Structure formats: structure tokens, C-alpha cells
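Encoded as C-alpha cells, the structure appears first; notes follow it.
The values are calculated or read from the model by the stated rules, or taken from the named source; none is laboratory data. Quick caveat: nothing in here was measured; it's all calculated off a predicted structure. Virtual Cβ from ideal backbone geometry, glycine too; neighbours counted across all protein chains shown.
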């Protein structure tokens, strides 16, 4: 199944008026495929979480109950005593019965969160939901991050580490795996954990759980940065071309993807008459002006670009 699905025919791009609008449910974005403008963020996927390739599979997978949710400490497979204090006919129950139900709820809650692992999950999954929601990540990414966190807990990798730092690390790992452009700076800002601490936890989990995380393609950050800088589609295309050339020549190895993407946009904006200052680009990309200057000089020299900035 493709990551994207065509948008409604009534949806138009506010920039170029094109109807070629695409919904990317993995990144939670509504974007124009003509000019590359990100029209909306944090869109919701209303479809089922499963796939079916024929009628037989669809018949087998369709169900009436709720799916398993890794974002819930008990995976959603638990009963609850409601708070309505009413009988089967909707009438109010007596104060004595209300007191009994209150005690039952309290002990039911205590029994359902009995072990240290369950208590850890209650805290961690609430934090995961908060951080992922602040970053505008869709439900499938939250579920994947929750599953990875559960694996880390099962392997006892959390011991001696801040729960918040491990939560931030698994979110970063899943974003890398799914090709979603979220930087360590963004995750650090939202989670309130230092970037170094998140990076340390990420490397540890990646090694211990043998998570094969691919190298980040700087081109993934181009649409996001370009939209924030109000740059057109031609500038984005030019920046992506520069990045692809740099990748073929091996210039990206050991370089931060955000810095490379920012430098490519900086060069492309000047080439197409939409020049932005180094400070403007640096502020959007979350890197320093020195980084942009260094990457710009490397790209200009190695790619033989004739551009004066």
C-alpha cells in the first residue's frame, strides 16, 4: 500500500491552486504534489489499521471489537467499572451501593497495575502520548513507538535510565525508521530532555535491540524547511537534486542531515531568485550559521556550483 492517497477533488493548494493534493498518513501531512507546499499537519487516518488484498482477507480481518492498543498499559484488553453510578434502567443507585462501587473501582485499579513493569508502562505511555501528540505524529507511529518501548522494558534496558529519555529515544528511532522528518532538537524541546541524553539512550536501545535504522536522507527535511521559509516548488526540486548529487559523490557521510538540507535550500533559493539569509535558514533548520556555511562551501566546491552568496 502506498504511503499516500489522493486528496479530495475539492481541495486546492492555496499557493498554486493545483488540485493534485496528497494525504500522507504516515507523516500526518496534507501536501501539494505540484509545488510541494505542506497545506496541513496532524491530519487523522480514519481507515482501519489492517490491510486486505482480496475479499477473503477482508472478511477474515473485519471485526466488531476494538483492536489491541500498545499505547494502553493493558493493551486495551481489560474491563472497567464505569463512573455513572446508575442501575441498568438508568436510575440512581443508593449511597451505600455507590460507596461499594467506589471501593471496587479503587481495588480494581490497584490490582490491574500490580507489578513494577505495569507501573512503568503507565508513566511511560502517558509521556509517549504527550510527546508524540506535540510533534504531530499519527497513531500508527505512536503504536510502533509503544511496541519498541515494551521490548526495551522486557529486555530490562530501562533500569538506571530516565523513563522520559528512553521514551524520547524510541520516538526518534521510529521516526527514523518510518522516514518522518523529526530532529533531535525538536524532540528535545518537546520532551524537556537534553539532546545528548536522548542520543545516548537511542544508541543504547538501537544496539541492544538490534534495530536496523537506515541513514536519514536529508531530502526528507526539504519540504518542511521550505514551507517554513515560504520557498516555492522549484527551489525545493533544486535542493533535492543537489542532495541527490551529493549522495552519489558520498559527501553526506558523517554530516548531519538537517545541516545538509539547510545548505542545499540556501543554495537553491539563491539560484532561483528567492534568496534567504543564513540566519533565516539556520533558525528554521535548528542548526548554526557556521554549519550552513561549512556545508555550503563543501557542496559548492565538490559539485562545481557557480553561485555567489
Some residue of the stretch 99-108 being in the same structural domain as residue 190 (by TED's automatic domain parsing) and without any contact (Cβ under 8 Å) to a residue 60 or more places away in the chain: no
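Let me confirm something: among 179, 160, 250, which residue is surrounded by fewer than 20 Cβ atoms within 10 Å (Cβ to Cβ) and in contact with a helix residue (DSSP H, G or I) (Cβ under 7 Å, 6 or more places away or on another chain)? Can you show your working first?
Values: 160 fails: in contact with a helix residue (DSSP H, G or I) (Cβ under 7 Å, 6 or more places away or on another chain); 250 fails: in contact with a helix residue (DSSP H, G or I) (Cβ under 7 Å, 6 or more places away or on another chain).
Going through 179, 160, 250 in turn, just one is surrounded by fewer than 20 Cβ atoms within 10 Å (Cβ to Cβ) and in contact with a helix residue (DSSP H, G or I) (Cβ under 7 Å, 6 or more places away or on another chain): 179.
Is it the case that the stretch 115-122 has a residue that's in contact (Cβ under 8 Å) with a residue 60 or more places away in the chain and surrounded by 13 or more Cβ atoms within 10 Å (Cβ to Cβ)? Steps first, answer last, please.
Narrowing the stretch 115-122 to residues in contact (Cβ under 8 Å) with a residue 60 or more places away in the chain: none.
Looking for residues that are in contact (Cβ under 8 Å) with a residue 60 or more places away in the chain and surrounded by 13 or more Cβ atoms within 10 Å (Cβ to Cβ), one finds none in the stretch 115-122, hence no.
In this structure, is residue 296 touching a helix residue (DSSP H, G or I) at 6+ places or on another chain (Cβ under 7 Å), outside any loop (DSSP other than H, G, I, E, B) and either assigned by TED's automatic domain parsing to the domain that holds residue 187 or modelled with pLDDT under 90 (or both)?
yes
Can you name the residue in the stretch 4-17 that is touching a strand residue (DSSP E or B) at 6+ places or on another chain (Cβ under 6 Å) and surrounded by fewer than 19 Cβ atoms within 10 Å (Cβ to Cβ) and, of all such residues, is modelled with the highest pLDDT?
The initial filter retains those residues of the stretch 4-17 that are touching a strand residue (DSSP E or B) at 6+ places or on another chain (Cβ under 6 Å), namely 4-5, 7, 11, 13.
From the residues that got through so far, the ones that are surrounded by fewer than 19 Cβ atoms within 10 Å (Cβ to Cβ) too are 4-5, 11.
Values: 4: 42, 5: 43, 11: 76.
Among them, the one singled out is 11.
In the list 88, 39, which residue meets the criterion of being farther than 30 Å from residue 149 by Cβ, modelled with pLDDT of 75 or more and within 19 Å of the chain's Cα centre (by Cα)? If you could, list the steps in order and put the result at the bottom.
On the way: 88 fails: within 19 Å of the chain's Cα centre (by Cα).
Going through 88, 39 in turn, just one is farther than 30 Å from residue 149 by Cβ, modelled with pLDDT of 75 or more and within 19 Å of the chain's Cα centre (by Cα): 39.
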